[in-house]
Amino acid sequence: MPELPEVETIRRQLEREIVGFKIVDVWYDREKLLRPSPREFIDGVVGKTIAGVGRRGKLLIFKIQNPKSKIQSYFLVHLRLSGRILVRSPNTPPDDYVHVILKLKAKSQKPKALELRFAEARLFGYMQYVGGQKEFDEILKKYGPEPFELDEGQFLEILSTTRKPIKLLLMDQKKIAGIGNIYANDALFLAKIHPQTPANTLSRDQASRLLKAIETVFKEGLKYGGASDQWYRQVHGEKGSYQEHFKVYGQAGKKCERCGAVIKRIELGGRGTFYCPGCQK
Ligand SMILES: [Zn+2]
């Protein structure tokens, strides 16, 4: 699943390419991808101009504006497991798994026409129109702070709220937003913490190492344009390359680069969990 570095990579690309464009039409062939309903989505976005692209955790936030009244509304995109957001010129051949296309036009920019294509092989992702500021704020309240926004004390406070394994807490979007399976595994490895350690038993020193480790793996993920070991692609269809730099994620059976022990895989909360039994005790 795309995590903070993947979604941030796309966000930066979108911000460069589609801001200022007007949404002139929407095509779709799968109703469930458009929320609250295809009709409400289309009525909400058509005729509006894209004013900016933001992000909260793994959620992409498109700010759209009525060109006359300047009233702001939003549409949100969650890529879930297999979603892709592609920016194409209208004459580019069709991409696989595309079920929604937003047709964009610009007055003074070049190119004058673009398509924002939403590809979703497994149909778990969605695009959602949100008309009101209050409704938008309510949705964002469901997400915790991002790791970059936390200091050590605030992070410790979040850790103290649960006895759950630290890895599960890291992936709980209500507590901390943006971390998924790949970066949780790699950050715990860097911080030398066993993924099953109860969150509230971490020492101040461990918490501090872990927060730094999360920042380190996120920065690395961003540097390599995200991890494309599975579905994730950038907006022109290119792959990121963080998968060539995984530390323990997906590395079961290989030797730990730090201590030489063999990396193990266990299941935790139904997800593949990778760690080094030598240096993550
Ligand atoms: Zn090791």
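The values are calculated or read from the model by the stated rules, or taken from the named source; none is laboratory data. Computed from a prediction, not measured in an experiment: that's the story for all the values here. Quick reminder, even Gly has a Cβ in these numbers, built from the backbone with ideal geometry, and neighbours come from all protein chains shown.
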Please verify whether G225 is more than 16 Å from the ligand (Cβ to nearest atom), at positive phi, in a loop (DSSP other than H, G, I, E, B) and at pLDDT 95 or above, treating the condition exactly as stated. yes
Looking at A207, A191 in this structure, which one is surrounded by 15 or more Cβ atoms within 10 Å (Cβ to Cβ), within 22 Å of G250 (Cβ to Cβ) and small (G, A, S)? A191
Where in segment 96-186 are there strands (runs of 3 or more DSSP E), lying wholly inside it, with at least 1 residues that are of a type in the set (A, V, I, L, M, F, W, C), within 30 Å of I214 (Cα to Cα) and in contact with an Asp or Glu (Cβ under 6 Å, 6 or more places away or on another chain)? 113-120
Quick one: I182 ticks every box in (1) within 23 Å of R265 (Cα to Cα); (2) hydrophobic (A, V, I, L, M, F, W, C); (3) touching a helix residue (DSSP H, G or I) at 6+ places or on another chain (Cβ under 7 Å) except a single one, so which number is it? (3)
Got at least one residue in segment 192-210 being within 16 Å of the ligand (Cβ to nearest atom) and of a type in the set (D, E, K, R)? yes
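Residue by residue, here is whether (1) within 30 Å of Y97 (Cβ to Cβ); (2) charged (D, E, K, R); (3) part of a loop (DSSP other than H, G, I, E, B); (4) modelled with pLDDT of 95 or more holds:
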{"site": "S208", "(1), (2), (3), (4)": "no, no, no, yes"}
{"site": "L211", "(1), (2), (3), (4)": "no, no, no, yes"}
{"site": "V217", "(1), (2), (3), (4)": "yes, no, no, yes"}
{"site": "G237", "(1), (2), (3), (4)": "yes, no, yes, yes"}
Every listed condition ((1) touching a His at 6+ places or on another chain (Cβ under 8 Å); (2) within 30 Å of L102 (Cβ to Cβ)) holds for S241 save (1)
The conditions are (1) under 17 Å from the mean Cα position of the chain (by Cα); (2) surrounded by fewer than 17 Cβ atoms within 10 Å (Cβ to Cβ), and G180 fails exactly one of them. Which is it? (2)
Residues of segment 243-274 satisfying the condition of being away from the ligand (no atom under 14 Å from the Cβ) and in contact with a Lys or Arg (Cβ under 8 Å, 6 or more places away or on another chain): L268, G269, G272, T273
Looking only at segment 51-94, which residues are more than 17 Å from the chain's Cα centre (by Cα) and closer than 13 Å to M127 by Cβ? I64, Y74
Could you please tell me which pairs satisfy a Cβ distance under 7 Å, a separation of 6+ or placement on different chains, a first residue in segment 247-270 that is at positive phi, and a second residue that is more than 10 Å from the ligand (Cβ to nearest atom) and not in a strand (DSSP E or B)? G250/D229; G269/L168
Checking W231 against (1) part of a loop (DSSP other than H, G, I, E, B); (2) within 12 Å of the ligand (Cβ to nearest atom); (3) closer than 30 Å to E120 by Cα: exactly one of these is not met. Which one? (2)
Could you check, for segment 39-48, whether at least one of its residues is within 30 Å of E220 (Cβ to Cβ) and either outside any loop (DSSP other than H, G, I, E, B) or touching a Cys at 6+ places or on another chain (Cβ under 7 Å) (or both)? no
